[in-house]
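Engineer: One structure, pasted below without further comment.
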Amino acid sequence: MAVDMSMKVLIVDDYKTMLRIMRNLLKQLGFENVEEAIDGTSALEILKEDPKFGLIISDWNMEPMTGIELLRHVRSTDTLKAIPFIMVTAESKSENVIAAKEAGVSNYIVKPFNADTLKAKMVSVLGDF
Amino acid sequence: MSRGKAAKRTATKRKTTGRISLGKSKKPIRKTAKKKTSKKKIAKRKTAKRAAPSKAKRKVAKKKTAKKTPKKPAKKKTLKKKTVKKKSTAKKSSAVKKIVSAAKKAAKKAASGKRPATRIEKMIFSELENLAGYIHDAKQEIAAIRPDEVKDDFLPKAEIELGAIVEATAEATHTIMDACDGLDGLMSQLEGDAASTLMDATTKIYEACTFQDITGQRINKVVKTLQHIEARVDKLIEVFEIKVEKSSSTNEQDSNSAENNKISDEDLLEGPQLKGQGRSQAEIDDLLASFD
């Protein structure tokens, strides 16, 4: 099944520079319909307003709601649980990866990352584009 | 006197002395043979008599000692109750308490001069003295660190400087990405290899800019560590009841302002100033021009 390049992508990070970098990289990959959130709480509000998102890319270390808490909320909400979720974070310990996997993460990217890694993970989750 | 009584008297006399005294009876006198005692035995009896005090003397001595030492009252016999040992939950603290109370009692006794301190008591006293001395020295050293300066001056300054780093790197990153956005705009005007080369270059720039996110997170960790240190310093001040003398630091500041002319090279090494605190390039140019 072909990937809908016009689908909405939600990027979540408390660093504005990171949000900008991610937006530019996604634009280069062909995804221009991007929405931003600065933490898990505001991301959840955006999702509840409009659950029709094709992908969520989120950081882990945020306040008041962390990325993993957002993931758990998404997986426990009927209207949101099917949305693919990629964690992009500096947290690189095995325990973090295991915890994210147990929470239902679709894929895991460690910072700093490059555009090729981002594309590869997105392909593994969405399919070829 | 009857015959029976007289006979009895003579019989007893015979037994004791071995002699029969001439009395009214007409019977012949019988002399029993005297036992010959050796000279050695006689000498021994004499020395024993000299050494041993007489009965009378012994009685007098007894009376004297009885006067000196009062008689102890007789101990009343009471039934001892059997106590069941309770298991102490806090073994360590009860053991420590026992040692401390025993040391205190021993100290009191030794101080009162009733009895000299034992070897173990002396060891405990010296260990307690060492401990007290160590605590006193630790308090002085901690006070010498000037924890008030650390808490009110050094740590807040460090946090501000680190915050300034994050801000400066974020600004720089945005500037770089603004430039990249401009290059992305040019891409639409290029074709083929030129476009893909430009795209690769801007992609690498975006990737490199992720450093700002990592450095920001690391700096935040340092700031949290400093805040943790600040809390610990506060706790130390509280635990050791260190009196923070803030008046001395203000005295130093007064003396510095008074001797403003004497600025060392070290004083000039302040590093970059925070926003709004240093001089701008234009202001420095004006200042330099004022010397001409």
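Computed from the coordinates by the stated procedures, all read-outs in this text should not be read as laboratory data. This is a predicted model, so every value here is computed, not measured. Ideal geometry is used to build each Cβ from the backbone, glycine not excepted, and the neighbour counts take in all protein chains shown.
Engineer: So for the pair B:Thr118, A:Thr79, with labels modelled 7 Å out along Cα→Cβ, what separation do we get in nm?
Structural biologist: 8.2
Engineer: Another question, if that's okay. Can you sort A:Met18, B:Met123 so the residue with the fewest Cβ neighbours within 10 Å comes first? List each step's numbers first, then the result.
Structural biologist: Details: A:Met18 23, B:Met123 11.
Exposure proxy ranking, most exposed first: B:Met123, A:Met18.
Engineer: Fewest to most neighbouring Cβ within 10 Å: what's the order for B:Tyr206, A:Tyr108, B:Tyr134? Please report the intermediate quantities before stating the final value.
Structural biologist: On the way: B:Tyr206 24, A:Tyr108 18, B:Tyr134 10.
The order, fewest Cβ neighbours first, is B:Tyr134, A:Tyr108, B:Tyr206.
Engineer: While we're on this one: Given H placed on each backbone N at 1.01 Å, which residues far from A:Asp39 in sequence or on other chains put an amide H within less than 5 Å of it?
Structural biologist: Sorted by chain and number, the residues that satisfy this are A:Asp13.
Engineer: Something else about it: On a straight-distance basis, which aspartates and glutamates could pair with B:Lys139 in a cross-link, Cα separation under 17 angstrom, same-chain partners fewer than 8 positions away excluded?
Structural biologist: B:Glu129, B:Asp148, B:Glu149, B:Asp234, B:Glu238, B:Glu241, B:Glu245
Engineer: Sequence neighbours fewer than 8 away in the same chain don't count; with that in mind, list the aspartates and glutamates whose C-alpha is under 19 Å from A:Lys111.
Structural biologist: Reachable aspartates and glutamates: A:Asp13, A:Asp14, A:Glu36, A:Asp39, A:Asp59, A:Glu63, A:Glu91, A:Glu95, B:Glu207, B:Asp213.
Engineer: Counting other C-beta atoms within 10 Å, which of B:His174, B:His228, A:His73 has the fewest, and how do the rest follow? Numbers along the way, then the final one.
Structural biologist: Numbers: B:His174 15, B:His228 10, A:His73 19.
Fewest to most other Cβ atoms nearby, the residues stand as B:His228, B:His174, A:His73.
Engineer: Something else about it: What pairs in A:Lys16/B:Lys275; A:Lys121/B:Lys204; A:Lys27/B:Lys224; A:Lys48/B:Lys204 have C-alpha atoms more than 26 Å from each other? Before the final figure, lay out each step's value.
Structural biologist: On the way: A:Lys16/B:Lys275 21 Å; A:Lys121/B:Lys204 18 Å; A:Lys27/B:Lys224 35 Å; A:Lys48/B:Lys204 35 Å.
From the list (A:Lys16/B:Lys275; A:Lys121/B:Lys204; A:Lys27/B:Lys224; A:Lys48/B:Lys204), the Cα-Cα distance tops 26 Å for A:Lys27/B:Lys224; A:Lys48/B:Lys204.
Engineer: Something else: Once R0 is set to 45 Å, what does the formula 1/(1 + (r/R0)^6) return for the Cβ-Cβ distance between B:Thr197 and A:Ile98, expressed as a FRET efficiency to the nearest 0.05? Can you show the working numbers first?
Structural biologist: Details: r = 41 Å, r/R0 = 0.91.
After rounding, the FRET efficiency stands at 0.65.
Engineer: Based on DSSP loop calls and a cut-off of at most 10 other Cβ atoms within 10 Å, the longest stretch of chain A free of exposed trypsin sites (Lys or Arg not before Pro) is what?
Structural biologist: Details: sites that count: A:Lys52, A:Lys93.
Maximal segment without exposed cleavage sites: A:1-51.
Engineer: Further, regarding this structure: Can you return the aspartates and glutamates within cross-link range of A:Lys119? Criterion is Cα-Cα under 12 Å, with same-chain partners fewer than 8 residues away left out.
Structural biologist: A:Asp128
Engineer: Which far-off residues, 5 or more places away or on another chain, put their amide H under 5 Å from the one on A:Leu55, with H placed in the peptide plane?
Structural biologist: A:Leu10
Engineer: Answer rounded, prolate or oblate for region A:9-123, using the Cα gyration tensor with square roots of eigenvalues a ≥ b ≥ c: rounded when a/c is under 1.5, else prolate when a/b is larger than b/c, else oblate.
Structural biologist: Details: a/c = 1.36, a/b = 1.08, b/c = 1.26.
Rounded.
Engineer: Round to the nearest 0.05 the FRET efficiency obtained for B:Ser188 and A:Thr117 when R0 = 30 Å and r is the Cβ-Cβ distance. Can you show the working numbers first?
Structural biologist: On the way: r = 26 Å, r/R0 = 0.87.
Efficiency for this residue pair is about 0.70.
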